[in-house]
Amino acid sequence: MYKMQSRDKRYMGIDYPIKTVDLKRFYGKICALNGVSIKVNEGEIFGLLGPNGAGKTTLIRILTTLLLPTSGKAYVLGYDVEKEYREIRKRINMVSGGEEVGYGILTVQETLYLFSQFYGLPLKETRKRISELSDLLDLGPHLQKRVSRLSTGLRQRMNIARGFINNPDCIFLDEPTMGLDVESSINVRKFIKRWVKEKEGKTILLTTHNMYEAEELCDRIAIINKGEIFACDTPKGLKDLVKKEDIYEFEIKAKEYETKKIDDFYILEKKRLEGERFYIKIRAPKNIPFEKLIKEIRKDNTEIISFKKIEPTLEEVFVKLVGKSFEEVERE
Amino acid sequence: MIKKFKESFSINLRTLIARAYVRIVATHREGSWIFLNGLTGIISLASYVYLYRNLGAKKIYEGFVIIGSFILAFWINVLWSIASQLYWEKLSGNLRYFIIAPCSKMAILIGMSFGGIYMILLRSSFVLFLAFFVFKTPLKYFNPLLIFLTFFITLFGLYGLGMAFSSLYLLWGREAWHLSSLFQEPIYAFSGLYYPIRVLPIFIVIIFSLIPLTLGLDAMRQCFYGKEAEGLLNVYLELIILTFLSIIFIFLSYLSLKKMEEVARKKGTLIERWQ
């Protein structure tokens with residue numbers, strides 16, 4: 001078993017467990033990555049969010065030493081992906097969604113044993129890790145089942161256990177919940193969050209085109225399209241890019257409620273729900289205090305039943321940055 | 001330096017055992033396979049035995065067929081489960097995980113080979129003993145040490161060639177089954193599986209002697225039947241040539257694996273599923 005030394009060396013002056021500098025990759029004349037520069041911090045879940053064909057998988061392939069960049073530099077745990085790939089391989093792992101890894105004839109336990117041996121894990125340590133991971137991923141009752149008899153969800157959970165079996169310092173998750181049902185996706189996301197929280201000094205780079213997943217899991221997100229990074233920030237920071245005004249939804253009780261301009265507030269939508277109950281959607285500029293809005297609505301004995309603030313979605317952020325939605329980009 | 005070597009040796013030994021384990025487990029988990037596959041082997045073998053009997057050929061020709069059939073099973077395993085294996089691993093999505101693992105890819109291939117040898121040895125031994133028992137074909141000599149040595153060196157050469165092919169299959173970018181078929185059919189005719197290789201023109205003998213099956217088979221027959229086997233060369237000379245070929249194939253497989261990985265990293269398509 002290899003001893004992890006990367007953290008002791010503090011990534012050999014690179015300062016980040018993952019760092020790319022002006023990374024480019026061409027497949028013939030097609031540009032898959034066009035000058036990507038990212039810095040991922042230790043202990044972080046870093047997301048790459050973009051539509052299919054954005055360059056996410058190409059970036060992961062370069063960082064996992066499966067592919068060489070055409071130009072630029074990439075470092076993982078302080079090692080150069082081009083020249084020091086052997087050192088990187090001892091310390092990383094990868095999980096891709098929608099894959100059928102392993103051999104149908106083996107059981108889940110045997111599959112995990114097989115892949116653990118590629119990392120030189122002693123048998124005692126292997127047993128311990130299989131037990132830990134199967135507890136975390138709820139694989140315990142299925143360890144003796146043959147892989148060919150597993151459902152898609154169980155198979156992906158086994159695949160995730162395989163990826164974490166060598167306790168990597170840095171793990172690359174390429175659409176890890178692709179093709180999973182809602183419950184399995186929730187379990188996988190819970191596991192990922194728990195792993196990075198409980199294990200010190202681990203780093204996760206995750207690609208997804210699922211906005212909800214990116215927002216729920218990632219500390220920071222880079223929005224990527226056509227091989228270029230458009231923005232990189234926390235989910236909140238990204239949303240603030242599009243949030244010039246706040247949007248609120250109210251349910252109110254009033255005799256009648258006129259659609260009108262109230263000072264700096266704009267009623268975007270109004271509809272009668274039932275009897276004297278109305279739904280209204282209001283846009284308020286960021287610099288106007290919320291109390292003023294409440295005061296305005298309560299005029300004429302209007303009663304507020306409920307309200308909620310509408311946050312912009314990452315989809316809106318993407319549209320603002322790229323000028324098109326995911327679907328439009330994928331259709332092109 | 002010593003620590004690094006020990007570390008590397010340990011990881012590669014573990015990899016080798018784990019990859020061999022897959023095939024050993026598969027052999028025992030699908031035990032009926034050995035019986036059914038062995039039975040079909042006996043049936044195809046019987047057709048040649050009865051053909052020789054009808055033609056009034058010498059009795060040892062039946063022995064030729066039995067030994068040929070024993071070795072042939074290994075050659076088929078080499079083509080379909082070693083040479084093609086990286087291609088199947090690519091299709092199943094395992095290959096990229098093999099590549100990013102820190103173990104030597106040679107250890108994976110050697111593990112596959114050991115597992116394959118175990119699997120076929122069980123099946124072929126069953127066929128061999130059943131065939132000698134059913135057809136009552138006589139054995140002239142029995143030198144266990146020489147037989148074991150010849151068999152071992154032949155397998156070394158065959159599986160070495162298979163390992164070299166495994167990366168070349170990916171580099172050639174052809175469908176694995178087309179290539180395996182291409183290598184399988186001519187071998188039936190030109191490696192002397194069912195008759196002594198001597199009957200063929202010398203240039204064919206030289207070309208097909210590059211495949212360890214040809215010389216290995218010839219040497220095995222000589223171990224059992226001596227001069228009556230109408231061997232091509234002296235057994236010991238054949239063993240020296242086979243050893244030499246085996247070393248070349250193993251070295252070639254190391255080089256081709258390295259090349260395959262290099263090309264895969266450059267092109268980005270070689271090891272990816274559906275590409």
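Take the residues in segment A:72-115 that are of a type in the set (A, V, I, L, M), facing another protein chain (nearest Cβ under 8 Å) and buried (at least 20 other Cβ atoms within 10 Å of the Cβ); name whichever of them is farthest from A:Lys145 (Cα to Cα). Break it down stepwise before answering.
Filtering segment A:72-115 for residues of a type in the set (A, V, I, L, M) gives A:74, A:76-77, A:81, A:88, A:92, A:94-95, A:101, A:105-106, A:108, A:112, A:114.
Within this subset, residues satisfying the condition of being facing another protein chain (nearest Cβ under 8 Å) are A:92, A:94, A:101, A:105-106, A:114.
Next cut, buried (at least 20 other Cβ atoms within 10 Å of the Cβ) only: A:92, A:94, A:101, A:106, A:114.
Numbers: A:Ile92: 27, A:Met94: 23, A:Val101: 15, A:Leu106: 8, A:Leu114: 15 Å.
Top of the filtered list is A:Ile92.
Looking at segment A:99-115 only, could you name the residues that are in a loop (DSSP other than H, G, I, E, B) and either farther than 15 Å from B:Leu95 by Cα or hydrophobic (A, V, I, L, M, F, W, C) (or both)?
If the condition is that a residue be in a loop (DSSP other than H, G, I, E, B) and either farther than 15 Å from B:Leu95 by Cα or hydrophobic (A, V, I, L, M, F, W, C) (or both), then A:Val101, A:Gly104, A:Ile105, A:Leu106 are the ones that fit.
Quick grid of which residues meet (1) at pLDDT 85 or above; (2) acidic (Asp, Glu); (3) over 30 Å from A:Lys197 (Cα atoms); (4) in a loop (DSSP other than H, G, I, E, B):
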{"residue": "A:Tyr248", "(1), (2), (3), (4)": "yes, no, yes, no"}
{"residue": "A:Tyr257", "(1), (2), (3), (4)": "no, no, yes, yes"}
{"residue": "A:Lys292", "(1), (2), (3), (4)": "no, no, yes, no"}
{"residue": "A:Asp300", "(1), (2), (3), (4)": "no, yes, yes, no"}
{"residue": "A:Phe307", "(1), (2), (3), (4)": "yes, no, yes, no"}
{"residue": "A:Glu316", "(1), (2), (3), (4)": "no, yes, no, no"}
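Spot the failing condition for B:Val49; the list is (1) assigned to a helix (DSSP H, G or I); (2) closer than 30 Å to B:Phe251 by Cβ; (3) of a type outside the set (Phe, Trp, Tyr), and only one is missed.
Failed condition: (2).
Which residues, counting only those in segment A:156-191, are part of a helix (DSSP H, G or I), closer than 26 Å to A:Leu121 by Cβ and of a type in the set (A, V, I, L, M)?
A:Met158, A:Ile160, A:Ala161, A:Val188
Which condition breaks for A:Met178 when tested against (1) at pLDDT below 90; (2) farther than 24 Å from A:Val40 by Cβ; (3) within 20 Å of the chain's Cα centre (by Cα)?
(2)
Kindly list the number of the only condition in (1) within 14 Å of another protein chain (Cβ to nearest Cβ); (2) at pLDDT 90 or above that fails for B:Ile271.
Answer for B:Ile271: the failing condition is (2).
Inside segment A:318-332, can you point out the residues that are part of a loop (DSSP other than H, G, I, E, B) and more than 22 Å from the chain's Cα centre (by Cα)?
As a first pass, look at segment A:318-332 and keep what is part of a loop (DSSP other than H, G, I, E, B): A:323-325, A:332.
Selection gives A:Glu332 alone.
Restricting attention to segment B:84-97, and to residues there that are facing chain A (nearest Cβ under 7 Å) and within 24 Å of the chain's Cα centre (by Cα), which single residue is nearest to B:Ala264 (Cα to Cα)?
If we filter segment B:84-97 for residues that are facing chain A (nearest Cβ under 7 Å), which is where we start, we get B:92-94, B:96-97.
Checking the rest, the ones that are also within 24 Å of the chain's Cα centre (by Cα) come to B:92, B:94.
On the way: B:Ser92: 17, B:Asn94: 15 Å.
Selected residue: B:Asn94.
In segment B:214-232, how many residues are among the aliphatic types (A, V, I, L, M), more than 16 Å from B:Glu62 (Cα to Cα) and at pLDDT 90 or above?
Our first condition is that a residue be among the aliphatic types (A, V, I, L, M); within segment B:214-232, this holds for B:215, B:217, B:219-220, B:229, B:232.
Checking the rest, the ones that are also more than 16 Å from B:Glu62 (Cα to Cα) come to B:215, B:219, B:232.
Then keep just the ones that are at pLDDT 90 or above; that gives B:215, B:219.
Of the residues in that region, 2 qualify.
How many of the residues making up segment A:116-137 are more than 7 Å from chain B (Cβ to nearest Cβ) and either assigned to a helix (DSSP H, G or I) or at positive phi (or both)? Before you say what the answer is, go through the steps one by one.
So the first thing to find is which residues in segment A:116-137 are more than 7 Å from chain B (Cβ to nearest Cβ), and the list is A:116, A:121-137.
Add one more test, that the residue is either assigned to a helix (DSSP H, G or I) or at positive phi (or both), and what stays is A:116, A:123-136.
Residues in segment A:116-137 being more than 7 Å from chain B (Cβ to nearest Cβ) and either assigned to a helix (DSSP H, G or I) or at positive phi (or both): 15 in total.
Is segment A:83-94 home to any residue that is closer than 21 Å to A:Asn225 by Cβ and assigned to a loop (DSSP other than H, G, I, E, B)? Explain how you work it out, then say what you get.
Initial filter on segment A:83-94 (closer than 21 Å to A:Asn225 by Cβ): none.
No, because not a single residue in segment A:83-94 is closer than 21 Å to A:Asn225 by Cβ and assigned to a loop (DSSP other than H, G, I, E, B).
Quick one: which helices (runs of 4 or more DSSP H) sit completely within segment B:184-275 and have at least 2 residues that are more than 21 Å from the chain's Cα centre (by Cα), more than 30 Å from B:Ala107 (Cα to Cα) and of a type outside the set (Ser, Thr, Tyr)?
On the way: elements: B:202-208, B:212-225, B:235-267.
The helices (runs of 4 or more DSSP H) meeting that bar are B:202-208.
Kindly list the number of the only condition in (1) touching a helix residue (DSSP H, G or I) at 6+ places or on another chain (Cβ under 7 Å); (2) surrounded by 21 or more Cβ atoms within 10 Å (Cβ to Cβ); (3) not in a loop (DSSP other than H, G, I, E, B) that fails for A:Ala222.
Going through the list (1) touching a helix residue (DSSP H, G or I) at 6+ places or on another chain (Cβ under 7 Å); (2) surrounded by 21 or more Cβ atoms within 10 Å (Cβ to Cβ); (3) not in a loop (DSSP other than H, G, I, E, B), A:Ala222 breaks only (1).
Examine segment A:37-58 for a residue that is in a helix (DSSP H, G or I), surrounded by 22 or more Cβ atoms within 10 Å (Cβ to Cβ), basic (Lys, Arg) and in contact with a helix residue (DSSP H, G or I) (Cβ under 9 Å, 6 or more places away or on another chain), and state whether such a residue exists.
For segment A:37-58, residues in a helix (DSSP H, G or I), surrounded by 22 or more Cβ atoms within 10 Å (Cβ to Cβ), basic (Lys, Arg) and in contact with a helix residue (DSSP H, G or I) (Cβ under 9 Å, 6 or more places away or on another chain): absent.
For residues that are within 13 Å of chain B (Cβ to nearest Cβ) and closer than 23 Å to B:Arg23 by Cβ, scanning just segment A:146-157, find the one that is surrounded by the most Cβ atoms within 10 Å (Cβ to Cβ). I'd like the intermediate steps shown before the answer.
Taking segment A:146-157 first, the residues within 13 Å of chain B (Cβ to nearest Cβ) are A:146-149, A:155-156.
Those still in the list that are closer than 23 Å to B:Arg23 by Cβ too: A:146-149, A:155.
Details: A:Arg146: 16, A:Val147: 21, A:Ser148: 12, A:Arg149: 12, A:Arg155: 23.
Only one residue fits best here, namely A:Arg155.
The values are calculated or read from the model by the stated rules, or taken from the named source; none is laboratory data. All values derive from a computational prediction rather than experimental measurement. Neighbour counts run over all protein chains shown; Cβ positions are idealised from the backbone, glycine included.
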